[in-house]
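Reviewing the structure listed below.
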2 protein chains.
Amino acid sequence: METTEQRILAIDIGGTKLAVGAVDGEGRVLEYLRTATPHPGVTDSGEMIFRTLLGLVGELKTDPAEFAGVGVGCGGPMHWPGGVVSPLNIEAWRDFPLRARLAEAFPGVPVRVHNDAICLAVAEHWRGAGMHTEDMLGMVVSTGVGGGLIVEGRLIDGRTGNAGHIGHVIVHADEPLCACGAVGCLEAVASGPRLTGWAAEQGWRPGAAPDQRTGRELVDDARRSHPIALKALSRAGRALGIAIASATVLCDLEVVAIGGGLSQAGPLLFNPLEATLRERVGLEFARSVRVVPAALGQEAGLVGAAALIVHPERYWSAKD
Amino acid sequence: METTEQRILAIDIGGTKLAVGAVDGEGRVLEYLRTATPHPGVTDSGEMIFRTLLGLVGELKTDPAEFAGVGVGCGGPMHWPGGVVSPLNIEAWRDFPLRARLAEAFPGVPVRVHNDAICLAVAEHWRGAGMHTEDMLGMVVSTGVGGGLIVEGRLIDGRTGNAGHIGHVIVHADEPLCACGAVGCLEAVASGPRLTGWAAEQGWRPGAAPDQRTGRELVDDARRSHPIALKALSRAGRALGIAIASATVLCDLEVVAIGGGLSQAGPLLFNPLEATLRERVGLEFARSVRVVPAALGQEAGLVGAAALIVHPERYWSAKD
């Protein structure tokens, strides 16, 4: 089949790693390469990151002339659909014209850039836990809490390309203050750093080094039945349950797929989430919503980036 | 112009009144008739309501043969798009096949039935406060709290036609219990009956008859600076602000238009709403959201019902 033979250059850009791959028209990752994101801290470092990225693409075995398009997931915020990016965790890129630069490097084929959390949601809808559903929220619970919204089978971008910001749905009445400036956001409760910070305040691992107080350590301790670690995951699950209840009634969702580091906690997170969700949805149509772990692994970002090119009718609402 | 000459039969069905009208292709209401919804309490009363409705249509001066379609807004819940309705406030209609019965009565033209709150939101988008916007939430704050969601210029129905249920977004942590069975819904705080009930508990109009404790009386008392009435509107405004913040980040909204009896309170409601909203949205894209009073009056339901027929490409996503 022709779509199977199609080759898409997929790129996933985060503060920790750069990943590139060749993806076919069915969403299979044929090649995958990654490297650490450089953080050189020199004037020219924005260019240097871009050169590193192109260098990594050059190491792919697929002939660049074969690529029918370039799909990119990148940390936000960004101007969408223009693809001028200012990723929170890549300080050297402030208003970096990523889409335009890639269009210069790969002339004659479509180049599309979207938020990395959007790409993960799109990947889960196309090839993961949300396959065969029309109305899905894909979430990432990690250093931040992000998401993407698929309604009636299509990615919802909204006016500025920012629809799906589930991390800033309000879940608490009077605290805590979120990095965005608002009070009571989901992200201010359930992101890895905020959750480990809360656990530390409660007396979890006093005196431990920062790298021994990560979300992963918290999940490990919860598995060993550490009471504060369990309470922290329960607190995150409760906040997630409230936000998901709100999103479900507003968008008539069928499935919510959750990925990211914290989702590795499994039932220790999903059980309190589920209990809260059931308390918080009453209307018949909403009670059938299902919350499931994301099905794709570390290649999900590339799959979603490729989807922007393979299925623009579903995943790319912009006119250009 | 051809669309101006088009005639749509528009119907608005609530627990208190039935309204019918002839609406043109530009959303102008050319004729409008209303009558009290009968509540006869006999076995045949479902049929009797339907006969009353058809009788009212027969009183319109427009020749029924001129109607190019029939658009209906009706109280929920309903099966959508089938139009089998069970309006909470019309006990004689339980699983009443409204759409099928109207299709029999008006053969050869499209007949479409949607939730009455959806029709109000659609009307505000087509001809009211949301004209020229692509991303809008229309809300009704009255006996209940309902809404409809327009994203990227189109009504979002969702999987079961129930998207837009802003009244069941979670705004409170541990109380109050909502009629839907969930805890902390917006409707459980800000609907007219819940708000007047709360005010009465605080000592508002002790011993007054029920008809002297309506939302309208509460608003009137607030205008006279009654401290509990003011506090009640502030409480509703705060709950609305939280729900609107959540909807804005999730759906990247530009405008929220609020109608219904309680919105008549004006700044006494909108000022605390606005103050809370500003506390609860931090992300740049969301801070530009505007909350405005609905622009259309009592004919809004008919305008929205007609829109289901005139602009199905925007307001009717169902395949049949």
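Under 10 Å, Cα contacts only: if you run a Gaussian network model on chain B, which one of B:His168, B:His132, B:His114 comes out with the highest mean-square fluctuation?
Among B:His168, B:His132, B:His114, the largest mean-square fluctuation in the Gaussian network model of chain B belongs to B:His132.
Place a point 7 Å from Cα of A:His39 in the direction of its Cβ. Which residues in the stretch A:259-274 have their backbone N less than 19 Å from it?
The answer is A:261, whose backbone nitrogens lie closer than 19 Å to the label point.
Using a Förster radius of 30 Å, what is the FRET efficiency between A:Ala295 and A:His79 based on their Cβ-Cβ separation? Nearest 0.05, please.
For A:Ala295 and A:His79, the calculated efficiency is 0.45.
Can you work out the Karplus-derived ³J(HN,Hα) for every residue in the stretch B:130-136? Use 6.51 cos²θ - 1.76 cosθ + 1.60 with θ = phi - 60°, whole Hz, and x for glycine or proline.
Here the 3J(HN,Hα) series is x, 4, 6, 10, 9, 10, 9 Hz.
How large is ³J(HN,Hα) for each residue in the stretch A:251-258, as worked out from phi by the Karplus curve 6.51 cos²θ - 1.76 cosθ + 1.60 (θ = phi - 60°), to whole Hz, x for Gly and Pro?
3J(HN,Hα) across the stretch A:251-258, in whole Hz: 10, 6, 7, 9, 9, 10, 10, 10.
How would you classify the stretch A:59-139 from its alpha-carbon gyration tensor, with a ≥ b ≥ c the square roots of the eigenvalues: rounded for a/c under 1.5, else prolate if a/b is greater than b/c, otherwise oblate?
Oblate shape, in that a/c is at least 1.5 and b/c is the bigger or equal ratio.
Rounded if a/c is under 1.5, else prolate if a/b beats b/c, else oblate: with a ≥ b ≥ c from the C-alpha gyration tensor eigenvalues square-rooted, which is the stretch B:259-320?
It is oblate, given that a/c is not under 1.5 and a/b is not larger than b/c.
Which of B:Ala22, B:Val84, B:Tyr32 sits closest to the plus end of the dipole of the stretch B:2-115, meaning its Cα is farthest towards the positive end, when Lys and Arg get +1 and Asp and Glu get -1 on the C-beta?
B:Val84
Could you tell me what percent of the DSSP beta bridges with both partners in the protein assembly as shown are antiparallel, to the nearest 5?
Beta bridges within the protein assembly as shown, antiparallel portion: roughly 60 percent.
Taking amide H atoms as placed 1.01 Å from N in the peptide plane, list the residues 5 or more away in sequence, or in a different chain, whose amide H sits under 5 Å from that of A:Asn115.
Under 5 Å from the amide H of A:Asn115 lie the amide H atoms of A:Cys74, each far enough along the sequence or on another chain.
Work out Dmax and Rg for the stretch B:2-115 from the C-alpha atoms and quote the Rg first, both in angstrom.
Cα-based Rg and Dmax for the stretch B:2-115 come out at 13.6, 45 Å.
Under 5 Å between amide hydrogens, which residues at least 5 positions from A:Gly69 or on another chain qualify, with H placed 1.01 Å from N in the peptide plane?
A:Leu9
Which lysines, on any chain, are close to B:Lys17 with Cα under 19 Å apart, when same-chain ones fewer than 8 places away are left out?
The qualifying lysines are none; the list is empty.
In the Gaussian network model of chain B, springs joining C-alpha atoms below 10 Å, which of B:Gly108, B:Gly144, B:Gly261 carries the largest mean-square fluctuation?
In the Gaussian network model the winner is B:Gly108.
Restricting to Cα atoms and excluding each atom paired with itself, what does the Kirkwood estimate give for the protein assembly as shown in Å?
For the protein assembly as shown, the Kirkwood estimate is 25.9 Å.
In chain B, what % of DSSP beta bridges are antiparallel (nearest 5)?
60
Go through the stretch B:52-139 and name the GluC sites (Glu not before Pro) that are in a DSSP coil and have 11 or fewer other Cβ atoms within 10 Å of their Cβ.
In loop regions of the stretch B:52-139 (DSSP not H, G, I, E or B), the sparsely surrounded GluC sites (Glu not before Pro) are B:Glu59.
Share of antiparallel DSSP beta bridges in the stretch A:129-293, in percent to the nearest 5?
55
If you wrap a convex hull around the Cα atoms of chain B, how much volume per residue is inside, in Å³?
Looking at chain B, the number lands at 138 Å³ per residue.
Is the stretch B:129-293 best put as rounded, prolate or oblate by its Cα gyration tensor, with a ≥ b ≥ c the root eigenvalues, rounded for a/c under 1.5, and otherwise prolate when a/b is larger than b/c, oblate when not?
Prolate is the answer for the stretch B:129-293, as a/c is 1.5 or above and a/b outweighs b/c.
For chain A, what does the helix formula give at 222 nm: sum of -39500 (n - 2.57) over DSSP H segments with n ≥ 4, over the residue count, nearest 500 deg cm²/dmol?
-11000 deg cm²/dmol
Every other copy gets compared here: list the nm distances from the B:Ala105 label point (7 Å along Cα to Cβ) to its counterparts, shortest first, one decimal.
Once sorted, the set of distances for B:Ala105 reads 6.5 nm.
What's the Cα-based Rg to Rh of the stretch A:194-254, Rh via Kirkwood?
1.13
Sequence-distant or interchain residues sharing an amide H contact under 5 Å with B:Val292, placed H: which?
Residues meeting the amide H criterion: B:Val256, B:Ala257, B:Ile258.
Suppose every K and R has +1 on its Cβ and every D and E has -1 on its Cβ; what is the size of the dipole of the protein assembly as shown about the Cα centre, in Debye to the nearest 20?
Roughly 1420 debye, rounded to the nearest 20.
Please determine, in degrees from 0 to 90 and to the nearest 10, the orientation of helix B:300-310 with respect to the longest principal axis defined by the Cα atoms of chain B, where the helix direction is its Cα long axis.
The answer is roughly 50 degrees.
Could you give each residue of the stretch B:166-177 its phi-based ³J(HN,Hα) in whole Hz, using Karplus coefficients 6.51, -1.76, 1.60 with θ = phi - 60°, and x for Gly or Pro?
Values, residue by residue: 4, x, 10, 5, 7, 10, 10, 6, 10, 6, x, 6 Hz.
Each reported figure results from applying straightforward, stated rules to the coordinates on display, with no laboratory input. This one's a predicted model, so the numbers in the text were calculated from it and none came from an experiment. Note that we place each Cβ from the backbone using ideal geometry, even for glycine, and neighbour counts take in every protein chain shown.
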